[in-house]
Amino acid sequence: MMIFTAASVLPGDAASNVLGRQASPERLEELRTQLGLNRSLPSQYWAWVSNVAGGSLGNSTVALAEKSSTPSLNQRLSSPMWNSLVLAALTAVLMIPLSLLLGALAGARAGGVVDRIISGTSLSLTAMPEFVLGALLLLVFFTRLDWLPPVAVEVTTSGPFGAPTALVLPTATLLGVTVGSGARLVRAGMVEAMRSEYVEAARLSGLSETTVTFRYALRNSLGAAVQILAQNLQYLLGGIIVVESLFAYPGIGSELIQAINTRDTTAIEAIAIVLAAAYIVINIVADLLTVLLVPRLRTEL
């Protein structure tokens, strides 16, 4: 409701955006009537909610105004959502093991050279905005080396798997801004776990240091780590608006920017509810995984 209201009070609407500045007041009013934009906000919102309850995200207001053959948002958003999902999944497949491995290595050797290198690099990447890291990658791999394309427009026609080189720079940018925070939190949990009594008991039992580190310390330190990894997954699932805009990646983030620019309130609301549903699902899965991975939590329950 907040998003719908905020989008509705923005200057202009879909009718004025489609017809342009030279449109007559009569023509604007006629198109607003056709699109239902002259109704009250509660009435417009109720109509959209009713569609969602029936399994439909509604129709794009701009597409209706332009008399497009596919105004349905279910159809229009399917391809961008798939593109963003592929980008997020590819990043997650690399992010999760990297975060766990780097965090475990740093935490198991807290204060050592390895810990300082991993912690320093992670802190630098975490503090760096996405557009800065993406611009640096563009400077190196496109401007200087000319190895990779600067934009991912090929994905629109060939799909994400038809243009694998177009995924490299967006994926690397997302990895840079997510692995750092994940590794640092895993490290913090590892440092605490390595000092615990049950780890000392495992050492005194004669178990190898590798077994103690990964079977006892790492597993019991994953509670907080799972939550931050879940947040990173939520971040990725949104497609990262900045990253998709920077590399012209045709995902859900680019669609959201376009919907805001054209004042397509229905499309904005549809994208918002899809992302909100995904956030809720990831949170529930993360809570369940935390209980399954950490034996101490199951004992307390």
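Of all residues in the stretch 44-62, those that are touching a residue at least 40 places away in the same chain (Cβ under 8 Å) and open to solvent by less than 50 Å² (accessible area, probe 1.4 Å) total 8.
When the stretch 258-276 is filtered for residues that are part of a helix (DSSP H, G or I) and either open to solvent by less than 10 Å² (accessible area, probe 1.4 Å) or not polar (S, T, N, Q) (or both), the ones remaining, listed by number, are 259, 260, 267, 268, 269, 270, 271, 272, 273, 274, 275, 276.
If only residues of the stretch 136-155 that are assigned to a helix (DSSP H, G or I) and open to solvent by 50 Å² or more (accessible area, probe 1.4 Å) are counted, the one that is nearest to residue 80 (Cα to Cα) is 154.
Going through (1) within 29 Å of residue 14 (Cβ to Cβ); (2) within 26 Å of the chain's Cα centre (by Cα) one by one, residue 70 falls short only on (2).
Give the residues of the stretch 61-85 that are of a type outside the set (Lys, Arg) and assigned to a loop (DSSP other than H, G, I, E, B), sorted by residue number. Within the stretch 61-85, 66, 68, 69, 70, 71, 77 meet the criteria. So how many residues does the stretch 14-25 have that are open to solvent by less than 30 Å² (accessible area, probe 1.4 Å) and not small (Gly, Ala, Ser)? Residues flagged as open to solvent by less than 30 Å² (accessible area, probe 1.4 Å) and not small (Gly, Ala, Ser) within the stretch 14-25 amount to 0. Among the residues examined, residue 167 qualifies as open to solvent by less than 60 Å² (accessible area, probe 1.4 Å), touching a residue at least 12 places away in the same chain (Cβ under 8 Å) and of a type in the set (A, V, I, L, M, F, W, C). Of the residues making up the stretch 64-89, those that are open to solvent by 70 Å² or more (accessible area, probe 1.4 Å) and within 21 Å of residue 241 (Cβ to Cβ) are 76, 82, 85.
Residue 209 fulfils the conditions (1) at pLDDT 80 or above; (2) of a type in the set (D, E, K, R); (3) over 16 Å from the mean Cα position of the chain (by Cα) except for a single criterion, (1).
Picking from residues in the stretch 140-172 that are touching a Ser or Thr at 6+ places or on another chain (Cβ under 9 Å) and of a type in the set (Ser, Thr, Tyr), the one that is modelled with the highest pLDDT is 171.
Of the residues 41, 98, the single one that is in contact (Cβ under 8 Å) with a residue 40 or more places away in the chain and open to solvent by 50 Å² or more (accessible area, probe 1.4 Å) is 98.
Residue-by-condition table, conditions (1) assigned to a helix (DSSP H, G or I); (2) touching a Ser or Thr at 6+ places or on another chain (Cβ under 8 Å); (3) among the aliphatic types (A, V, I, L, M):
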{"site": "6", "(1), (2), (3)": "yes, no, yes"}
{"site": "11", "(1), (2), (3)": "no, no, no"}
{"site": "31", "(1), (2), (3)": "yes, no, yes"}
{"site": "34", "(1), (2), (3)": "yes, no, no"}
{"site": "43", "(1), (2), (3)": "yes, no, no"}
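The rows are residues; the columns are (1) open to solvent by less than 50 Å² (accessible area, probe 1.4 Å); (2) among the acidic types (Asp, Glu); (3) touching a helix residue (DSSP H, G or I) at 6+ places or on another chain (Cβ under 8 Å); (4) within 27 Å of residue 207 (Cα to Cα).
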{"site": "93", "(1), (2), (3), (4)": "no, no, no, no"}
{"site": "109", "(1), (2), (3), (4)": "no, no, yes, yes"}
{"site": "134", "(1), (2), (3), (4)": "yes, no, yes, no"}
{"site": "157", "(1), (2), (3), (4)": "no, no, no, no"}
{"site": "163", "(1), (2), (3), (4)": "yes, no, yes, no"}
{"site": "189", "(1), (2), (3), (4)": "yes, no, yes, yes"}
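The values are calculated or read from the model by the stated rules, or taken from the named source; none is laboratory data. Only a predicted model underlies this, so the values are computations on that prediction, with no experimental measurement involved. When we count neighbours, we look across all protein chains shown, and the Cβ atoms used for this are built from the backbone with ideal geometry, even at glycine. All accessible areas refer to the heavy atoms of the entire protein, side chains included, with ligands and DNA or RNA removed. Shrake-Rupley method; radii C 1.70, N 1.55, O 1.52, S 1.80 Å.
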